[in-house]
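S.K.: Got a structure for you, written out below as structure tokens; questions coming shortly.
The values are calculated or read from the model by the stated rules, or taken from the named source; none is laboratory data. Just so it is clear, the model here is predicted, and its values are computed rather than measured. Please note: Cβ atoms are built from the backbone with ideal geometry, for glycine as well, and neighbour counts cover all protein chains shown. Just the protein is used for accessible areas: all its heavy atoms, side chains included, with ligands, DNA and RNA removed. Shrake-Rupley method; radii C 1.70, N 1.55, O 1.52, S 1.80 Å.
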Amino acid sequence: MLALAFASAPAAHCAERPQAAIASAHPLATAAGHEILTRGGNAFDAAVAVAAVLAVVEPYASGLGGGGLWLLHRAADGRQVMVDARETAPAGAKPELYVDGSGKPIRAATTRGGTAAAIPGAPAALVHVAARYGALPLAASLTPAIRHARDGFQVDVRFARIAALRERLLRDNAEASRIFLDGDRAPQAGWRLRQADLAATLELLAREGNAGFYDGPVGSALVESVNRAGGVWRLSDLAAYRVIERAPLRFQYRGASVTTAALPSAGGVALAQCLQMLERFETGDARAPREAHLVVEALRRAFRDRSVHLGDPDFVAVPMERLVSKAYATERAATIDPGAATRSEVPEREPRGIGSTHTTHLSAVDAAGNRVAATLTINLIFGSGIVARGTGVLLNNEMDDFTVRAGVPNAFRLRGGEANAIAPGKRPLSSMTPTFVEDEKGVLVLGAPGGSRIVSQVALAVLDYVHMSAVDLAAIVGAPRYHHQWWPDRVEVEPGAFSPTWRAALEAKGHRVEPAPRRWGNMQAVFRSNQTGTAHAASDPRGAD
Ligand code: DON
């Protein structure tokens, strides 16, 4: 029995006493996971199927041209691992490609066209997770995605609205325009999106594994198209791509065991720092102004450390042990004044944001107790806008997650340092924070898109979960959100979510409170209760916004 959830119809199919559960951002993806479980697949096969369908039906958010972080728990032996399928900078990537003659970063170089795209990790993750952890062949788990790509599916209002936002980007690339636009306009809801080339690429991947994507005709087409759009890819970059199995980050928060993303995600580090700082205070309701202030101060400190210390651990030395230790959290928490906001240092000038962006997340548990939390991305909406000719593969713009110049913010206004500088073969820092929380109540599996706001979303959800005696999953994913990321020095709040009194209480402590134009995130969570043995799924109501 299975509990299913997806953004457009939260908790639509809840079987009685389900032992497996899947939450994803799209009903077709969640249904694909269900199909694979009923065909004898485990949670890993189901997650492969869900991720592959998301690549087809949410091409603006994730896809074969992107990457992701997969947090896995194997029930048979308790093995927990993070499959790091983060994109890598190509060997030809030099910092000089991204700055002008005076050393000023060229924004478009990391966000559009060939220089923006890093070597994709998503296909290798599908191959790896299926081969190493799945019970079914990759070809079986890819079947639903191939079907939806080949036969097409009706795009929803969300797709139509997002495509309209990026109509120009899509129009600039002949392949992207041919595939994703209706004529030369963004399609209306109900339009049928058929992706025959992507179906063929998925079939090659199903048949040949990594060689079907990183070599042969697909590999050559990727290199040719990226370089025609100004990139510097080589076939050897693709051949060299490997997913990396890393030990996840683990810490305790008030008796709950939290397992989360390791570097190159900065998200898990920030989550560990933030929650362990908060452990030093009395907490219970993270939305109460007194506590919101503490959460904001903890986030401020964690994001500050990110900008100074964090980068790809295979390239830079990061003092991880200290950064995520209880002792360091105590030291940092001691600098938090419960009555007043700390000032983030004033930078030269405030940058402008880039608007809303996308990524996706899936959470799954099966009856055996296997779990997956996978956050998948091509970075900004429709990534770099390049579809490699004849492949249907839309490439990421993950190079923007690097720090082009110290102190100069990226699309998420994140200001990094030397540790996250561009280098050949390096993986850019991420905020993706797939997470498991285990306590006496059961196991929570969660994650979300939202760039830097992923961290605060997951932190608030973990705080809510730990402080709830009876788990209300829908309340956790639906609860109002606020965010702080050290710089810009302001508390961002979802519009209409907090009262004027709440706002005044934070302002009285010295915070600048700014309502965002839109709500953010699209959290996908599943929970398996120890008490009843049943599993539940919940999708963020914001997914239907
Ligand atoms: O890895 C990261 O942190 C970003 N590339 C994720 C982008 C994202 O979540 C956009 N979502 N709204």
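S.K.: Quick one: would you say Gly103 is of a type outside the set (A, V, I, L, M, F, W, C) and in a loop (DSSP other than H, G, I, E, B)? First the steps, then the outcome.
M.R.: Numbers: of a type outside the set (A, V, I, L, M, F, W, C): yes; in a loop (DSSP other than H, G, I, E, B): yes.
Taking the combined requirement at face value, the residue satisfies it.
S.K.: Considering only region 412-432, state which residues are near the ligand (Cβ under 9 Å from one of its atoms) and either within 15 Å of the chain's Cα centre (by Cα) or crowded, with 24+ Cβ neighbours inside 10 Å (or both).
M.R.: Those that are near the ligand (Cβ under 9 Å from one of its atoms) and either within 15 Å of the chain's Cα centre (by Cα) or crowded, with 24+ Cβ neighbours inside 10 Å (or both): Phe412, Pro428, Leu429, Ser430, Ser431, Met432.
S.K.: Something else now. Looking at region 440-475, which of its residues are outside any helix (DSSP H, G or I) and within 13 Å of Asn522 (Cα to Cα)? So that I can check it myself, show each step before the final result.
M.R.: Going residue by residue through region 440-475, those that are outside any helix (DSSP H, G or I) are 440-452, 468-472.
Leu446, Gly447, Ala448, Pro449, Gly450, Gly451, listed by residue number.
Residue-by-condition table, conditions (1) open to solvent by 20 Å² or more (accessible area, probe 1.4 Å); (2) modelled with pLDDT under 95; (3) touching a Gly at 6+ places or on another chain (Cβ under 9 Å):
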site	(1), (2), (3)
Pro27	yes, no, no
Arg39	yes, no, no
Ala47	no, no, yes
His73	yes, no, yes
Gln80	yes, no, no
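S.K.: Right, another one. Report, ordered by the first and then the second residue, all pairs with beta carbons closer than 9 Å, sequence separation of six or more or different chains, a first member in region 116-127 that is part of a loop (DSSP other than H, G, I, E, B), and a second member that is of a type in the set (D, E, K, R) and open to solvent by 10 Å² or more (accessible area, probe 1.4 Å).
M.R.: The qualifying pairs are Ala118/Asp401; Ala118/Arg427; Gly121/Arg242; Gly121/Arg427.
S.K.: Which of the residues spanning region 488-545 are at pLDDT 95 or above, outside any loop (DSSP other than H, G, I, E, B) and of a type in the set (A, V, I, L, M)?
M.R.: Answer for region 488-545, where residues must be at pLDDT 95 or above, outside any loop (DSSP other than H, G, I, E, B) and of a type in the set (A, V, I, L, M): Val491, Val493, Ala504, Ala505, Leu506, Ala508, Val513, Ala525, Val526, Ala535, Ala537, Ala538.
S.K.: Restricting to region 469-494, and then to whatever is over 21 Å from Phe412 (Cα atoms) and surrounded by 24 or more Cβ atoms within 10 Å (Cβ to Cβ), can you tell me which residue is nearest to the chain's Cα centre (by Cα)? I'd like the intermediate steps shown before the answer.
M.R.: Kept after step one, since they are over 21 Å from Phe412 (Cα atoms), are these residues of region 469-494: 469-479.
When the remaining residues are screened for being surrounded by 24 or more Cβ atoms within 10 Å (Cβ to Cβ), the result is 473, 477.
Values: Leu473: 20, Val477: 15 Å.
Checked region 469-494; the qualifying residue nearest to the chain's Cα centre (by Cα) is Val477.
S.K.: Residues that are under 30 Å from Arg74 (Cβ atoms), at least 1 per element: which helices (runs of 4 or more DSSP H) completely within region 169-270 meet that?
M.R.: Correct list: 196-208, 211-214, 235-240.
S.K.: Still on this structure, I have one more. Output the qualifying pairs, or none if there are none: Cβ atoms under 8 angstrom, residues six or more apart or on different chains, first residue in region 446-468 and open to solvent by 10 Å² or more (accessible area, probe 1.4 Å), second residue more than 16 Å from the ligand (Cβ to nearest atom) and of a type in the set (Phe, Trp, Tyr).
M.R.: Short answer, once both residue conditions are applied: Val466/Tyr253.
S.K.: Take the conditions within 16 Å of the ligand (Cβ to nearest atom) and either within 25 Å of Pro313 (Cβ to Cβ) or of a type in the set (D, E, K, R) (or both) and apply them to Glu492. Does it pass?
M.R.: Details: within 16 Å of the ligand (Cβ to nearest atom): yes; either within 25 Å of Pro313 (Cβ to Cβ) or of a type in the set (D, E, K, R) (or both): yes.
Spelling it out, Glu492 is indeed within 16 Å of the ligand (Cβ to nearest atom) and either within 25 Å of Pro313 (Cβ to Cβ) or of a type in the set (D, E, K, R) (or both).
S.K.: Can you say whether Gly496 is touching a strand residue (DSSP E or B) at 6+ places or on another chain (Cβ under 6 Å) and under 30 Å from Gly339 (Cβ atoms), as far as the supplied structure shows? Quick ask: steps written out before the conclusion?
M.R.: Values: touching a strand residue (DSSP E or B) at 6+ places or on another chain (Cβ under 6 Å): no; under 30 Å from Gly339 (Cβ atoms): yes.
Taking the combined requirement at face value, the residue does not satisfy it.
S.K.: Also, quick follow-up: Kindly evaluate Arg306 against the criterion of being touching a residue at least 60 places away in the same chain (Cβ under 8 Å) and within 16 Å of the ligand (Cβ to nearest atom).
M.R.: Details: touching a residue at least 60 places away in the same chain (Cβ under 8 Å): yes; within 16 Å of the ligand (Cβ to nearest atom): yes.
So Arg306 passes the test.
S.K.: Just name the residue that is surrounded by the most Cβ atoms within 10 Å (Cβ to Cβ) out of those in region 253-272 that are over 17 Å from the mean Cα position of the chain (by Cα) and farther than 17 Å from Leu460 by Cβ.
M.R.: Ser257
S.K.: For region 362-410, which positions are small (Gly, Ala, Ser), within 16 Å of the ligand (Cβ to nearest atom) and not in a loop (DSSP other than H, G, I, E, B)?
M.R.: Matches in region 362-410: Ser363, Ala373, Ala374.
To keep it simple, each residue is scored yes or no on (1) more than 22 Å from Ser220 (Cβ to Cβ); (2) within 17 Å of the chain's Cα centre (by Cα).
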site	(1), (2)
His73	yes, no
Arg79	yes, no
Asp84	yes, yes
Glu87	no, yes
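S.K.: How many residues does region 82-99 hold that are in a loop (DSSP other than H, G, I, E, B) and either open to solvent by 30 Å² or more (accessible area, probe 1.4 Å) or touching a Ser or Thr at 6+ places or on another chain (Cβ under 7 Å) (or both)? Please lay out each step first, then the result.
M.R.: Step one: of region 82-99, the residues in a loop (DSSP other than H, G, I, E, B) are 86-87, 89-94.
Going one step further and asking which of them are either open to solvent by 30 Å² or more (accessible area, probe 1.4 Å) or touching a Ser or Thr at 6+ places or on another chain (Cβ under 7 Å) (or both), we end up with 86, 91, 94.
Residues flagged as in a loop (DSSP other than H, G, I, E, B) and either open to solvent by 30 Å² or more (accessible area, probe 1.4 Å) or touching a Ser or Thr at 6+ places or on another chain (Cβ under 7 Å) (or both) within region 82-99 amount to 3.
S.K.: Any idea which residue in region 237-252 is nearest to Ser469 (Cα to Cα), counting only those that are in contact with a Leu (Cβ under 9 Å, 6 or more places away or on another chain) and crowded, with 20+ Cβ neighbours inside 10 Å?
M.R.: Across region 237-252, the extreme among qualifying residues is Phe251.
S.K.: Check region 299-320 and report whether any residue there is in contact with an Asp or Glu (Cβ under 7 Å, 6 or more places away or on another chain) and open to solvent by 30 Å² or more (accessible area, probe 1.4 Å).
M.R.: No.
S.K.: Evaluate region 23-34: report whether one residue or more is more than 16 Å from the ligand (Cβ to nearest atom), under 18 Å from the mean Cα position of the chain (by Cα) and over 23 Å from Gly521 (Cβ atoms). Even if it seems obvious, please write down each step before you answer.
M.R.: Here is the first cut: in region 23-34, the residues more than 16 Å from the ligand (Cβ to nearest atom) are 23, 27-34.
Okay, now just the ones that are also under 18 Å from the mean Cα position of the chain (by Cα), so 23, 29-30.
Filter once more, so that each one left must be over 23 Å from Gly521 (Cβ atoms): none.
The answer is no; no qualifying residue exists.
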